[in-house]
Amino acid sequence: MPETLNCFPLTVYKDQLGLSEAYRRELGQKIIETSEANPLADGEDHPWTGDLQGHDLFHLDPLTANLFGLLKTSVTTYVFALGMDPARFQYHCTRSWGTVSLLGEHIPVHNHSQSHISAVYYPVKPEGAGNLILHNRNPPNEFAPGLFGAHASERGYVQELTDFNTMSATMAAAEDDLIIFPSKQLHGTEVSEADSPRISIAVDIVVTLKGESGGEYSMPDLTLWRDLETFD
Ligand SMILES: [Fe+2]
């Protein structure tokens, strides 16, 4: 009996955080106010993203304490799901920022290569607002270059779009959803078709070993680092 065996999955974590609608609206309002105080330059036609406007430390705002207080459990659950021992690591929130996407806007493909684990939370996501899209520019099953691309698809080589021949995967999400994925993963968003703003909060987490320097598998515990400035 022939079989097809699949390997090398990308694992994405999704969960509802259970934060109240009132709190989520408060987070959204804070991001809107920040975006209005720090608008895009004239002619810029893309979503407002706090990281590019000098506002990438949202985790230091006391308003976000309830949100970030829930992140550790989610991140360690994600790491555990990968078959890792989450207790061996420390999880440092290094950057976080709000995004505001208006009707017709989308966030183009990018990744967060300076980080290890990324998360996105949706305090405000109206009906029709764009979902997160994960991209794979080198899908392992693409046995000839470009075969899974849009151009080849138009020629009908791919009869049915499935997980086995796709270059992108849409992560449907609702308000209060949290999504976690590796920071190196290319991602963007669908075009927003909602009349009201879609507001998300992006988080970058750097992972270090806990209480050890380890080998060369992850960065040593931060307490073992020494700034060269401190040597005489
Ligand atoms: Fe991103």
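For segment 102-121, a residue qualifies if it is more than 12 Å from the ligand (Cβ to nearest atom), on the phi < 0 side of the Ramachandran plot and small (Gly, Ala, Ser), but none of them does.
Take the residues in segment 159-190 that are away from the ligand (no atom under 16 Å from the Cβ) and surrounded by fewer than 16 Cβ atoms within 10 Å (Cβ to Cβ), then tell me which one is farthest from SER118 (Cα to Cα). Walk me through how you get there before you give the answer.
Quick first cut of segment 159-190, residues away from the ligand (no atom under 16 Å from the Cβ) only: 159-167, 172, 174-176.
Among the residues that remain, those that are also surrounded by fewer than 16 Cβ atoms within 10 Å (Cβ to Cβ) are: 159-164, 172, 174.
Values: GLN159: 34, GLU160: 31, LEU161: 27, THR162: 25, ASP163: 22, PHE164: 24, ALA172: 17, ALA174: 18 Å.
The qualifying residue farthest from SER118 (Cα to Cα) is GLN159.
Close contacts from segment 158-187, counting a first residue that is aromatic (Phe, Trp, Tyr) and a second that is assigned to a loop (DSSP other than H, G, I, E, B) and surrounded by fewer than 18 Cβ atoms within 10 Å (Cβ to Cβ), with Cβ to Cβ under 6 Å and a gap of 6+ residues or different chains, come to PHE164/ASN141; PHE181/VAL12. Whenever a residue of segment 35-55 is part of a strand (DSSP E or B), its partners that are surrounded by fewer than 17 Cβ atoms within 10 Å (Cβ to Cβ), lying with C-beta atoms within less than 8 angstrom and at least six residues away or across chains, give the pairs TRP48/PRO39; TRP48/LEU40.
Quick one: would you say PRO140 is more than 21 Å from the chain's Cα centre (by Cα), within 24 Å of CYS7 (Cα to Cα) and either within 16 Å of the ligand (Cβ to nearest atom) or not polar (S, T, N, Q) (or both)?
Numbers: more than 21 Å from the chain's Cα centre (by Cα): yes; within 24 Å of CYS7 (Cα to Cα): yes; either within 16 Å of the ligand (Cβ to nearest atom) or not polar (S, T, N, Q) (or both): yes.
When the stated conditions are applied, PRO140 passes them.
Checked against (1) more than 14 Å from ALA202 (Cβ to Cβ); (2) within 19 Å of the chain's Cα centre (by Cα), PHE164 passes all but a single condition, namely (2).
Computed from the coordinates by the stated procedures, all read-outs in this text should not be read as laboratory data. The model shown is predicted, which means the values in this text are computed figures rather than measured ones. For neighbour counting, all protein chains shown are included, and Cβ atoms are generated from backbone atoms with ideal geometry for every residue, glycine included.
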